[in-house]
Structure formats: C-alpha cells, structure tokens
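To start, the structure under review is shown below, and the notes come after it.
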C-alpha cells in the first residue's frame with residue numbers, strides 16, 4: 001500500500017508523466033500496487049500503452065489498406081493481430097473496404113463514412129473520389145452535411 005512519504009513521491013512521479021512501471025521501480029514496489037493506488041485516487045494512466053508505431057509500420061499498413069486489403073489480410077502480411085489493425089484503422093478514420101465476404105460498393109463506402117460522421121472531404125479521401133462527387137451523392141439522398149470529426 002502506498003501511504004505517507006511514498007504517496008508524495010508517487011504523486012510527483014505521476015505528475016511528471018511517469019507510467020505505473022516507472023513509478024513502481026522508483027518506489028521499490030510492484031507495478032500492480034501503483035495501479036491500485038492510481039485507481040483508488042481516480043487517476044488515469046499516463047502514456048498510451050503498447051509500443052509506439054513507427055512511420056514505416058504506418059506506411060506499410062496504409063499501403064496495404066489502399067490496395068484494398070481487409071484487416072485480416074493486412075494483419076497476416078505484417079504478422080500482427082487483426083484487432084490491432086482494426087484499432088489502427090478506426091483511429092485513423094479509415095473505412096473498411098470489405099464487409100465479411102463481399103467488397104463494398106462506392107455507395108456503401110460513402111454511406112458508411114457518412115454514418116461515421118465524416119465530412120464530405122474525409123469521405124472523398126477515403127473513397128478515392130473528389131469532394132464534389134460526395135456532395136452530389138449526398139444531395140441525391142437528401143442527407144444533411146456532417147461537420148466531420
């Protein structure tokens with residue numbers, strides 16, 4: 001349990017942006033002890049977890065995505081978990097090209113982007129068309145414009 005002087009030190013290290021493991025090493029306690037202390041005090045974790053994604057890894061994922069590969073195919077090619085690719089894709093607001101076994105049509109991809117709250121420009125970038133084409137598509141369906149995310 002972290003109390004007294006250890007708690008002051010833990011607070012200072014947490015304020016400096018140290019992650020649980022670093023705080024635990026500095027205090028000489030288990031990282032779970034720091035995790036419990038942090039949760040008890042309603043503090044969020046510092047850092048984002050996981051390993052940082054290099055620019056080369058991002059470029060490789062993006063290249064495979066633009067080739068029309070689905071999450072499973074990208075994961076297999078890069079030897080990572082498909083869930084990792086799914087999370088990366090959602091973080092970067094990339095619309096999936098495949099829905100289970102059939103390839104999405106342009107109309108379906110636009111609608112999926114629209115439902116995600118993407119702006120016309122963002123939908124155009126995802127579908128490989130221009131903003132005007134997305135605008136016309138949206139007007140034909142009498143859909144109001146999204147503000148984007």
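The C-alpha radius of gyration of segment 1-82, expressed as a fraction of 2.2 N^0.38 Å, stands at 1.61. Which residue fluctuates the most in the chain, going by a Gaussian network model with Cα springs under 10 Å, if the choices are 127, 33, 105? Evaluated over the chain, the most mobile residue of the options is 33. Against the main long axis of the alpha-carbon atoms of the chain, helix 82-91 sits at an angle near 80°.
A Cα-only calculation for the chain places Rg and Dmax at 22.0, 67 Å.
Out of 20, 106, 71, any idea which swings most in a Gaussian network model of the chain, alpha carbons joined below 10 Å? Sorting by GNM fluctuation, first place goes to 20.
The angle between the Cα long axis of helix 131-140 and the longest principal axis of the Cα atoms of the chain comes to about 70 degrees, rounded to the nearest 10.
Give me 89, 61 ranked fewest to most by other Cβ atoms within 10 Å of their Cβ, as a rough exposure proxy.
Values: 89 18, 61 24.
Going from least to most buried by this count: 89, 61.
Put in order of Cβ neighbour count within 10 Å, fewest first, the listed residues 123, 2 become 2, 123.
Of the residues 131, 66, the one with the fewest other Cβ atoms within 10 Å heads the list, and the complete ranking is 66, 131. Modelled spin labels at residue 57 and residue 87, positioned 7 Å past Cα toward Cβ, are 1.1 nm from each other. Between the helical axis of 31-40 and the longest alpha-carbon principal axis of the chain there is an angle of about 80 degrees.
Computed from the coordinates by the stated procedures, all read-outs in this text should not be read as laboratory data. Nothing here was measured: the structure is a model prediction, and the numbers come from that model. Here Cβ is always computed from backbone atoms with ideal geometry, including for glycine, and neighbour counts include all displayed protein chains.
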